[in-house]
1. Looking only at the range 160-171, decide whether some residue is assigned by TED's automatic domain parsing to the domain that holds S34, surrounded by fewer than 20 Cβ atoms within 10 Å (Cβ to Cβ) and either within 19 Å of L252 (Cβ to Cβ) or modelled with pLDDT of 95 or more (or both).
2. Name the single residue that is farthest from the chain's Cα centre (by Cα) among those in the range 212-247 being under 13 Å from S87 (Cα atoms) and crowded, with 24+ Cβ neighbours inside 10 Å.
3. Any chance you could count how many residues in the range 277-314 are in contact with a strand residue (DSSP E or B) (Cβ under 8 Å, 6 or more places away or on another chain) and outside any strand (DSSP E or B)?
4. Scanning for something more than 19 Å from C225 (Cα to Cα), in contact with a helix residue (DSSP H, G or I) (Cβ under 9 Å, 6 or more places away or on another chain) and either outside any loop (DSSP other than H, G, I, E, B) or at pLDDT below 85 (or both), does the range 66-76 turn up at least one residue?
5. Can you go through R7, R53, R60 and tell me which one is in contact with a helix residue (DSSP H, G or I) (Cβ under 8 Å, 6 or more places away or on another chain) and at pLDDT below 85?
6. Pairs, please: C-beta under 7 Å, at least 6 apart or cross-chain, first residue farther than 13 Å from L383 by Cβ and in the range 329-350, second among the polar types (S, T, N, Q) and surrounded by 21 or more Cβ atoms within 10 Å (Cβ to Cβ)?
7. Can you tell me how many residues within the range 33-65 are assigned to a helix (DSSP H, G or I) and under 29 Å from P191 (Cβ atoms)?
Amino acid sequence: MHDDDPRWHPDTRLLHDDAAPDDDAAVVPPIHYSATFRARDAAEFAEMANQPRHARYYTRYGNPVHERVAAVLAGLEGTETALLTASGMGAISTTVLAFVQAGDHVVAQTRHYMSTAKLFDEVLPRFGVQVSIVEQADTDAIAAALRPNTRLIMLETPANPTLVLTDLSAVAALARARGILTVADNTFASPLNQQPHALGIDIVVHSATKLLGGHHDLTAGVICCSRAQAEVLWRMHITLGAVLSPMDAWLLLRGLRTLAVRVERINASALALARWLERCPQVERVHYPLLESHPQHALAQRQMRGGGPVIAFALRCGFEATGRFVAALRLATHAVSLGGVESLIVHTAAMWAGTMNEAQLAAAGIPPNFVRLSVGLEHPEDLQQDLARALALALPEN
């Protein structure tokens with residue numbers, strides 16, 4: 001944001017926060033598709049090589065397109081700066097490995113994106129990091145899990161795929177009083193629906209593949225943080241090498257331009273469909289943060305401005321009939337991911353069966369009849385008709 005325009009709305013900032021005074025006359029930013037950049041002399045080369053996150057030295061260190069995207073995302077999340085990675089897991093792994101070492105203790109949630117869960121369940125213990133997995137809806141349980149050597153608390157809210165919420169302000173207060181770093185995955189909400197940093201969280205991460213990019217055509221991650229944290233993160237980032245390509249960074253910037261209008265439409269459609277699904281006789285239970293029936297609805301109203309694209313629901317049937325329902329849909333594409341312009345749907349138990357056993361699925365709150373729908377930009381009446389038709393075909397007895 002320009003200093004003389006402090007009252008710009010997020011819709012405007014998405015279009016203008018990355019404006020650079022040295023740009024050429026192009027209205028659309030160029031793609032700097034170069035792995036390396038020229039120095040005019042030895043002094044400039046030394047400056048480029050030794051300045052952290054220099055945007056015009058070597059693309060693993062930074063790139064002009066990365067710089068522009070980071071400016072927009074830091075502005076949206078309310079942090080000093082941001083760092084881009086090649087995927088959401090690149091952002092999460094870089095953040096955790098940058099701040100945790102052998103002998104440290106980490107608190108994570110019972111419900112996380114499955115690759116995040118594997119990082120805490122399988123990877124960190126191999127390197128001497130102690131991990132406690134805690135029910136995220138219970139702030140007292142999080143407080144009880146803290147130890148003198150707790151270094152980091154990893155949060156994800158709403159959580160994938162059950163949409164359980166974590167009280168960000170309460171956990172942030174617990175951590176701040178003890179000098180513990182807090183990290184929140186804000187992928188399911190987006191900065192327009194929820195701002196963890198404003199609620200006291202130190203670092204906010206996203207799979208920018210999802211709502212931020214919004215078109216199912218890129219893979220990217222982002223870490224929003226302070227400048228001091230960014231230098232630590234950047235050193236780990238260039239070592240791990242999870243580098244976002246200039247093309248994907250440019251596609252992400254293009255996707256961000258329409259984020260506000262997409263999120264507004266998706267929020268409205270998802271809430272309407274969630275309310276309709278609650279009335280369907282074939283549906284056993286619907287999970288959506290802004291539904292009055294959500295057990296944490298009051299918390300959702302306090303810390304969220306919109307519910308986001310994902311609805312989770314359980315059908316009144318078994319595993320096979322749930323699979324038939326998903327296969328019968330015409331508009332919602334049977335595919336992983338979320339937050340894009342096209343609606344996507346997955347039979348959650350089928351998707352995760354290859355990486356989790358029945359006991360793990362049950363512990364994660366994923367029954368055999370569980371479905372995750374990511375609402376896109378189709379007209380909500382058309383999506384409703386498609387869901388009604390598939391329900392009637394798959395569950396005719398209801």
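The values are calculated or read from the model by the stated rules, or taken from the named source; none is laboratory data. Fair warning: this is a prediction, and the values are worked out from it, not measured in the lab. All Cβ positions, glycine included, derive from the backbone under ideal geometry; neighbour counts span all protein chains shown.
1. Yes, because at least one residue in the range 160-171 is assigned by TED's automatic domain parsing to the domain that holds S34, surrounded by fewer than 20 Cβ atoms within 10 Å (Cβ to Cβ) and either within 19 Å of L252 (Cβ to Cβ) or modelled with pLDDT of 95 or more (or both).
2. H237
3. At the first step, the residues of the range 277-314 found to be in contact with a strand residue (DSSP E or B) (Cβ under 8 Å, 6 or more places away or on another chain) are 277-278, 282-288, 293-294, 309-314.
Filter once more, keeping what is outside any strand (DSSP E or B): 277-278, 282, 288, 293-294, 309.
Going through the range 277-314 one residue at a time, the tally reaches 7.
4. no
5. Working: R7 fails: in contact with a helix residue (DSSP H, G or I) (Cβ under 8 Å, 6 or more places away or on another chain); R60 fails: at pLDDT below 85.
Result of the check over R7, R53, R60: R53.
6. From residues that are farther than 13 Å from L383 by Cβ, the pairs are S337/T209; L338/S374; G339/S374; H347/T322.
7. Taking the range 33-65 and keeping what is assigned to a helix (DSSP H, G or I), we get 42-50, 64-65.
Now restrict to residues that are under 29 Å from P191 (Cβ atoms): 64-65.
Final tally of qualifying residues: 2.
Conditions (1) at pLDDT below 80; (2) part of a loop (DSSP other than H, G, I, E, B), marked per residue:
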| residue | (1), (2) |
| --- | --- |
| V336 | no, yes |
| E342 | no, yes |
| I345 | no, no |
| A359 | yes, no |
| P367 | no, yes |
| G376 | no, yes |
| Q384 | no, no |
| A388 | no, no |
| E397 | yes, yes |
